[in-house]
1. So how do Val377, Val291, Val48 rank on accessible area, 1.4 Å probe, biggest first, that is with the largest at the start?
2. Distance from the Cα centre of region 94-155 to that of region 300-355, in angstrom?
3. With no solvent and one equal point scatterer placed on each C-alpha of region 244-294, evaluate the Debye formula and give log10 I(q)/I(0) for q = 0.14, 0.17, 0.22, 0.28 Å⁻¹, two decimals.
4. Taking 7 Å along the Cα-to-C-beta vector as the label spot, tell me the Thr227-Ala287 distance in nanometres, rounded to one decimal.
5. DSSP loop trypsin sites (Lys or Arg not before Pro) in region 11-99 with at most 11 other Cβ atoms within 10 Å of their Cβ, which ones?
6. Can you give the Rg to Rh ratio of region 12-142, both from alpha-carbon atoms, with Rh computed by the Kirkwood formula?
7. Mind checking the alpha-carbon convex hull of region 391-437 and giving the volume per residue in Å³?
8. Hey, got the dipole for the chain? About the Cα centre, +1 on K and R Cβ, -1 on D and E Cβ, debye to the nearest 20?
Amino acid sequence: MSDPEQRRVPVTTSSEVVATYLVETYLPLEQAAEAIAGEQSTGTFTAVARETPELRERFAARVLSVEQLPPTGNADLPGSTHDASRGAGKRSARVRIAFGLDNFGPSLPNLLAAVAGNLFELRQLAGIRLLDLDLPAPFAERYPGPQYGVRGTRELLDRPDGVLLGTIVKPSIGLPPDELRLVVRELAEAGIDFIKDDELMGSPPHSPLAERVAVVTEELGKVAARTGRRPMYAFNITDDLDRMAANHDLVHAAGGTCVMVCVNLVGFSALAWLRARCVLPIHGHRAMTGVYTRAPQLGIDYVAWSKLARLAGADHLHTNGLSNKFYETDEEVLRSITAVRTPLLGGYETLPVLSSGQTPGLAPETYRRTNTTDLLVLAGGGIHGHPSGPSAGVTAMRAAWSAATSGTTLDAAAAQVPALQEALDRFGSPYAGTPGE
Ligand SMILES: O=C(O)[C@H](O)COP(=O)(O)O
Ligand SMILES: [Mg+2]
């Protein structure tokens, strides 16, 4: 490929969306980029009547830049065109394409039709991933975004600083409400900041949401009367729209302080719809995000995905955590945390939620690499699996984070806090010997 700079058309306007893609193809890169721009705006597979120069001038998406990348080693998407006659191998590029806002207006679903709709099916592409989106101001006018964010959550919790520590009720499903009461009591008395339902726990017959709300809010009220502290509890209200709205109202009427929604399972529009009616912080769970993110040559990168979730109103957003139980590397997790913490359209403050396989031993490295305590760190197994029980699990997490932020080693802290030592013995400290430890 010759100098990509020469093809750059750096003109973007506030009435455009710029989408950045990883494009992999056996065709010339410019041809593949034009295929995306054409198919996703005015064009189709052939010239058609009435696609006039004037219409194209106004509505056609424009390829802004094609920056060739070194070979990725990614597998080809099934069904992609191999043009052997050209004798060329696969090429990869970072491609930026501008779409006129006039094509779809500041509407999340219709934006997605343009920047992500059919393009994953284009056979010209052996790899296609939406990496990022630059969105213009009209999106901010239409989507108010998070209501509480970091500061609002801290205010509700009366925790002006320090990391926020939480857990997921475990076992995720199967606990009858009476046992849930005991779990919640123990966690709240141990001084946890945040508890949430698992994404698997909606409103099943064995533990209907209405019963859980009644039991949990009553129990948290009793603990608050004794201790003066009331953890936030995120009830999973994920469901069809009418039920989700009713679930929200139920939680609010009972004095609940947070609702959880699985963003992908209801969709961005449903989240935005809820946000317009919601008076509580919305905890955004990322279940099913792997469909978008796991295959490197396909999908929607977390950087782009999280912008849409924040616009739609997520106050808290799961990012995974270091050394998680899933596939993501620490570098990918750190990029996600940075993405959630980066201002969007001048605001949209969302609290990153570090979850998945989190344990006390991860605190120093997490703090060293994020350099912030504006995090909600959730440990499910890492608290409920503590050898001395959930209360000791909370103590161990708190002690580990206190050590991390004060520069004390985990070993020194564990010598003072037996619960931390037990946790380290049980779950290990994967970064022992690194600078944060
Ligand atoms: O919903 C979640 O965030 C997960 O259930 C995390 O659970 P874990 O801490 O046991 O991995
Ligand atoms: Mg879960």
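The values are calculated or read from the model by the stated rules, or taken from the named source; none is laboratory data. Every value quoted in this text rests on a predicted model; they were computed, and no experiment measured them. Neighbour counts are summed over all protein chains in view; Cβ atoms, including those assigned to glycine, are modelled from backbone coordinates with ideal geometry. Remember, those area values only see protein heavy atoms, side chains included, never the ligands or the DNA or RNA. Shrake-Rupley method; radii C 1.70, N 1.55, O 1.52, S 1.80 Å.
1. Numbers: Val377 5, Val291 100, Val48 70 Å².
I get Val291, Val48, Val377, largest accessible area first.
2. 15
3. With one equal scatterer per Cα and no solvent, log10 I(q)/I(0) is -0.36, -0.51, -0.77, -1.08.
4. If labels sit at Thr227 and Ala287, their model points lie 2.7 nm apart.
5. Details: sites: Arg50, Arg56, Arg58, Arg62, Arg86, Lys90, Arg91, Arg94, Arg96; in loops: Arg50, Lys90.
Passing both the DSSP loop test and the Cβ count: Arg50.
6. Values: Rg = 15.0 Å, Rh = 15.3 Å.
Reported Rg/Rh (Cα atoms, Kirkwood Rh): 0.98.
7. On the way: hull volume 2.8 nm³, N = 47.
So the per-residue Cα hull volume is 60 Å³.
8. Details: 40 positive and 49 negative charges, 45 e Å.
Charge dipole, the chain, about its Cα centre: 220 debye, nearest 20.
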